1. Among the residues of segment 89-100, are any among the aliphatic types (A, V, I, L, M) and assigned to a helix (DSSP H, G or I)?
2. Step by step: first the residues of segment 51-75, then only those that are in contact with a helix residue (DSSP H, G or I) (Cβ under 7 Å, 6 or more places away or on another chain), of a type in the set (A, V, I, L, M, F, W, C) and in a helix (DSSP H, G or I), then the one that is farthest from I10 (Cα to Cα). Which residue is that?
3. Which one is modelled with the lowest pLDDT among residues in segment 30-47 that are in a helix (DSSP H, G or I), of a type in the set (A, V, I, L, M, F, W, C) and surrounded by 11 or more Cβ atoms within 10 Å (Cβ to Cβ)?
4. Anything in segment 51-73 that is in contact (Cβ under 8 Å) with a residue 24 or more places away in the chain and open to solvent by less than 70 Å² (accessible area, probe 1.4 Å)? List them, or say none.
Amino acid sequence: MTIRMLVSAIGLAIAQSVMQNDIMPLLKVIAARFPDQANVVYNIVSNQSVIWESNVPIDVRDAVTEAYVKSTHKVYLVFMAFGSLTFIVSLFSKNLKLCRNLGGAAAE
């Protein structure tokens, strides 16, 4: 496994954790606001296509979409913080050459 794959897996795990921890309280509020549609709201977590069915009211659809947008925005902010931290740390790192001239051969 390469470093890129490992870091991608860690990043995906962080994004999923932030998203799940943020979306569930928002969906609970929506379910409390629309008690007759609570089952639909909780089914959306496992199957997002449920939101586009014709029996889902537009108010519920808009509320759930807004909750997902808010959660996605939080994921964006978390990764912006990680990116900023990485950029600042990279300013203090040394620039090392990756190839060495061994035995008089030209490094390419």
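1. yes
2. Step by step, filter segment 51-75, then rank; the result is V60.
3. Residue satisfying both the conditions and the ranking: V45.
4. Across segment 51-73, the qualifying residues are V60, A63, V64, A67, Y68, S71.
To keep it simple, each residue is scored yes or no on (1) loosely packed, with under 11 Cβ neighbours inside 10 Å; (2) under 16 Å from the mean Cα position of the chain (by Cα); (3) part of a loop (DSSP other than H, G, I, E, B); (4) free of Cβ contacts under 8 Å to residues at least 60 places away in the same chain.
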residue: R4; (1), (2), (3), (4): yes, no, no, yes
residue: S8; (1), (2), (3), (4): no, yes, no, yes
residue: K28; (1), (2), (3), (4): no, no, no, yes
residue: S49; (1), (2), (3), (4): yes, no, no, yes
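The values are calculated or read from the model by the stated rules, or taken from the named source; none is laboratory data. All figures in this text were calculated on a predicted structure; none of them were measured in a lab. Glycine gets a Cβ as well: all are built from the backbone with ideal geometry, and neighbour counts include every protein chain shown. The accessibility values were calculated without ligands, DNA or RNA, using every heavy atom of the protein model including side chains. Shrake-Rupley method; radii C 1.70, N 1.55, O 1.52, S 1.80 Å.
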